[in-house]
Amino acid sequence: MSKGMNAEGKEAVALKCGVETDEVDREAADVAVQGAEGSDAEVLGFSALTFRRRLGAWYRENARALPWREVGDPYATWLSEIMLQQTRVATVIDRYKEFLLRFPTIHDLAVAEEEDVLALWSGLGYYRRARMLHRGAQFVDREFGGKLPRSAVKLRTLPGVGEYTAAAIASIAFGESVAVLDGNVERVLLRVLGQAEQKGSRARARLADAAQRLMPAASRRSSGENAPGDHNQAMMELGATICLPRTPLCLQCPVLELCRTRGEHVTGARAKMQSRTVAHLLALRKRGIVTEVLLERRAADASLMAGMLELPGLPVGITQGREPVLRLRHAITNTNYYVQVFSEGIVPKEAMDETDVGGLLMENILATKGDLRWVTTTKLSQQPLTGLARKTLQRLNLMALPQVTIRL
Ligand code: SF4
């Protein structure tokens, strides 16, 4: 049987041979796999089928029970993939559940206010992802009747959906045979293939080709199995839990015998971490039994975290000789922020009246004429706070820590 036989051809063979079309599909897929194996082995240096089988068996035994792996909703897959970009699994778990409770469908998300979406994203960082997800939901609601398209090519038309996310959704939610290539998969591939880290589009294209050669054929919808989705998740799982950036656990690796590196691979120099000292004001006021905290809204055109709320910033010079109520370190990409938080105690309730301000720090904040607002501490979790503001308010016991039960 030829590799490229179309549906009509398969139907004809099925009728002639008296077998079910599904069986012919399976047979065609096997022949295609065997035919491709020879060339794959030449390029990869090992059998793609052997790699897949070992990886698959390991994944079935060792996959972590993560909430997005137990659902068959493409929207949930989309959400989890966006949340997991540059964010640790443990951080994502509770946010993911909260988000789905608040916005259970693409339509619910599409009609939500952006501020509510950002509030639920608070603590995950990289807020552009939330804005693009929101716009993506509006696009899907408008253009596709609220249902995600099934192919990676069409998924790429959504705002905020790049090559990686489109491949992840298409394979995990719809069984398309399209390989994902994220940081974890890249690392696994480089090590298995015995290559050093290389930058540039040609190096990436070579890795994408290797990843695709390892992919199983597309799943038939009626089979209830999803070999491409499972394979992609297994690759990412191997990178996240075994083939770690530092000190990989090679003795536990299912593809140890196929791997040419068996250890860390050669990587380029990492960007040096920068350090910056910043200061913020903690201003509180009492209104009866309610405590309020003063927050400032970042400019709508700020390059980072636009429109998010944070504790008002202070020039570091003005804090000389004062003792902060809190010191903490907060890393954003390649910068370590050494944060100091200063307080002038409880501000009188007239504090927003410029004629009756509490102290020098508060005066300085009012003079900047930023977009300030008092927020009740019990409502902080509903606000679009920056990650640093959330962390600071939690450390100061003004905001509850999320209650998370994580089973990994
Ligand atoms: S053997 Fe080691 S380096 Fe190779 S893929 Fe497995 S964990 Fe990674």
Of the listed pairs Lys97/Lys286; Lys286/Lys369; Lys97/Lys379, which have alpha-carbon separations greater than 24 Å here?
Lys97/Lys286
With labels modelled as points extended 7 Å from the Cα through the Cβ direction, what inter-label distance (nm, one decimal) is found for Glu114 paired with Ala299?
1.6 nm
Using alpha carbon centers only, segment 363-391 is separated from segment 233-292 by a whole-angstrom value of 28 Å
For the peptides 150-158, 53-61, what is the packing order when you average, over each peptide's residues, the other Cβ atoms within 10 Å and list the highest mean first?
150-158, 53-61
Efficiency of FRET from Cβ geometry, Asp73 and Ala367, R₀ 35 Å, rounded to 0.05
0.10
Extension gain Glu42-Arg260, at 0.36 nm per residue separation less the Cα-Cα distance, in nm?
77.0 nm
At q = 0.22 Å⁻¹, what base-10 log of I(q)/I(0) does the Debye formula yield for segment 274-395 when every alpha carbon is treated as an equal point scatterer in vacuo?
-1.50
Show the residues, 5+ positions off or on another chain, whose built amide H is closer than 5 Å to the amide H of Phe103.
none
Where labels lie 7 Å past Cα in the beta-carbon direction, separation of Leu328 and Arg276 in nm
1.8 nm
Using each residue's phi in segment 253-266, evaluate 6.51 cos²θ - 1.76 cosθ + 1.60 at θ = phi - 60° and report the 3J(HN,Hα) Karplus result to the nearest Hz, with x for Gly and Pro.
7, x, 10, 3, 5, 8, 7, 8, 9, 6, x, 6, 9, 6
By count of other Cβ within 10 Å, fewest leading, how are Leu148, Leu393 ordered?
Leu148, Leu393
Would you please put 310-316, 64-70 in order of how densely packed they are, using the mean number of other Cβ atoms within 10 angstrom per residue and starting with the highest?
310-316, 64-70
Segment Cys250-Asn336, extension gain: residue separation times 0.36 nm, minus the distance between their alpha carbons
27.8 nm
Calculated from backbone phi, Karplus (6.51, -1.76, 1.60) coupling profile of segment 144-150 in Hz, x at Gly/Pro:
10, x, x, 10, 5, x, 8
Inter-label distance, nm, simple model (7 Å from Cα along the C-beta direction), Glu163/Arg395
3.9 nm
Grab the Cα-Cα distance for Asp209 and Lys286, subtract it from 0.36 nm times how many residues apart they are, and report the gain in nm with one decimal.
21.5 nm
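Only the coordinates and a few stated rules stand behind these numbers; no lab work does. Here the structure is a predicted model, which means the values were calculated and not measured. Neighbour counts are summed over all protein chains in view; Cβ atoms, including those assigned to glycine, are modelled from backbone coordinates with ideal geometry.
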